[in-house]
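Working notes for the structure below.
The values are calculated or read from the model by the stated rules, or taken from the named source; none is laboratory data. All values reported here derive from a predicted model rather than from experimental measurement. Backbone-built Cβ (ideal geometry, glycine too); neighbour counts: all protein chains shown. All accessible areas refer to the heavy atoms of the entire protein, side chains included, with ligands and DNA or RNA removed. Shrake-Rupley method; radii C 1.70, N 1.55, O 1.52, S 1.80 Å.
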Amino acid sequence: MWGRRTAPQRLAESAGLTWKHLDDQSELNVAKLVACVAADRASADDVLPMVARVAEKLAAEEANHELVVALVEVLQHLASHGLEQLRTAEEIRVVLGPRCFLVWEAVEKFWSAVAEWCRENGELRSSEDVLSVENAQLRAILLTSNRSLGDDTRVGTSDALRYEKSGGVPIPGYRELIAP
């Protein structure tokens, strides 16, 4: 059905990205790039639904779980910032299939736990330091690896790492989340 294309290739192509420019990228980078294109309001209206359909098909296979989780996680990060040029969480959620929706909920639960742990430990930082960055490349890195919490604070990848190292529960794997 999929031919010889890899999961990252299929995901990249669903966002209209040319694979020959991405073949040396990690799966995580491909997921980030696809999420950025899918979340961008300047993208064609059919890009987000197409990415969601391909992600749903990919989510059916355990080997693609980390790729799908990375895509969903970055989509959530981008939507959390409340930027006009990016789609909202609701706009993204409504196009997700059932497997990707399970991933969405698990990722959301994980990041809520990270935020709560940071609050309890006095670790929250201002979201303004991320949102005020003007350099486009640095801003893209920060927007895709941090999540605004709605109260002018944020959590990021380093917070998630500290949370997990302190005994926090990681995002469930494929077998706990999706497998029958």
Percent relative contact order for the chain, counting Cα pairs under 8 Å at least six residues apart, stands at 21 percent
At 20 angstrom or more along the helix axis (alpha-carbon based) and mean Kyte-Doolittle of -0.5 or higher, what helices does the chain contain? Whole DSSP H runs only. 65-80, 98-120
For region 29-95, calculate the relative contact order in percent as a whole number, restricting contacts to Cα pairs under 8 Å that are 6 or more residues apart. 42 percent
Computed [θ] at 222 nm, helices only, for the chain once each DSSP H run of length n ≥ 4 contributes -39500 (n - 2.57): -17500 deg cm²/dmol
For the chain, which whole percent of the accessible surface, found with a 1.4 angstrom probe, sits on carbon and sulfur atoms? 52 percent
Full extension between GLN85 and ARG53 adds, at 0.36 nm per residue less the Cα distance, a length in nm of 9.3 nm
Between SER132 and THR6, what is the FRET efficiency for a Förster distance of 41 Å, r being their Cβ-Cβ separation, to the nearest 0.05? 0.65
The value for region 103-154 (convex hull of the alpha-carbon atoms, volume per residue, Å³) is 76 Å³
Fully extended, how many nm does the chain gain between ASP151 and GLU176 (0.36 nm per residue separation, minus their Cα-Cα distance)? 5.8 nm
Comparing HIS81, HIS21, HIS65 in a Gaussian network model of the chain (Cα, 10 Å), the one with the largest mean-square fluctuation is HIS21
Evaluate region 8-142: find the radius of gyration of its Cα atoms, find its Kirkwood radius, and give the ratio Rg to Rh. 0.97
